[in-house]
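What follows is a single structure, written as structure tokens, with notes after it.
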Amino acid sequence: MEHLLSEITPLVSTYGLWIIFFGMMVEGTSMIIATGILCYLGMLSFPSAFFIAILGAVAGDQLWYFLGQRYALKLLNYFPSFKPRVEKLEDSVQHKGALLAFSGRFIYSGAILFPMTLGIYKYDHKTFTIFDTLGVVLWSFLGISLGYVLGTSAELLFGKLEKVWHFILILALIIFIAWVIKKYLLIKKH
């Protein structure tokens, strides 16, 4: 067990912040919780991870906004399931664009859908950036804190097990829960 921990720790120390940055650009939810767990395990510092998570999420949101603005038709052809959802959001962009920008990370599949939709409908970029950044900061703090608490709770639950096992178990549980939610949402749509 100690051998596994001694192999993982240098990898996380070397590449952990890069993984967080790029992970936040694409997905985010499980990445931000895993980040909190890694902070709890002492493999990452909270301030560094928090800052990099914000940078990655904002960079990803900016990317999706500009892709939506420039390549709307190609994107909607590539993501056909987004088209009806983008069309449903058209009225919301005009009346609640700031709320969409702020809440994108808090809503399932909103991290890609909302910035892309705001870009497609040419929502004001400056307003998007301000509200998106505020939402990302709050979401990153809450997500990393939740991961940290899950790590703490696991230690209380499992006693003195090696900390790396906490991370592995919690990550497996998060992946399983995300899979069940996704499966349930797909069944409910049909």
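The values are calculated or read from the model by the stated rules, or taken from the named source; none is laboratory data. Keep in mind that what you see is a predicted model, and the values were worked out from it rather than measured. Here the Cβ positions follow ideal geometry from the backbone for every residue, glycine too, while neighbour counts run over all protein chains shown. Keep in mind that these areas ignore ligands, DNA and RNA; they rest on the heavy atoms of the full protein, side chains included. Shrake-Rupley method; radii C 1.70, N 1.55, O 1.52, S 1.80 Å.
Couple of notes before you dig in:
- FRET efficiency for SER48 and HIS125, using Cβ-Cβ distance with R0 set to 45 Å, rounded to 0.05: 0.95
- The listed residues TYR40, TYR121, TYR78, TYR15 rank as TYR78, TYR15, TYR121, TYR40 when sorted by accessible area, largest first, using a 1.4 Å probe.
- Accessible surface for ASP91 stands near 110 Å², nearest 10, in the context of the full protein assembly shown (1.4 Å probe).
- Across all directions, the shadow cast by the convex hull of the range 41-138 built on its C-alpha atoms averages 6.7 square nanometres.
- Accessible area of the range 1-100 belonging to carbon and sulfur atoms, whole % at 1.4 Å probe: 66
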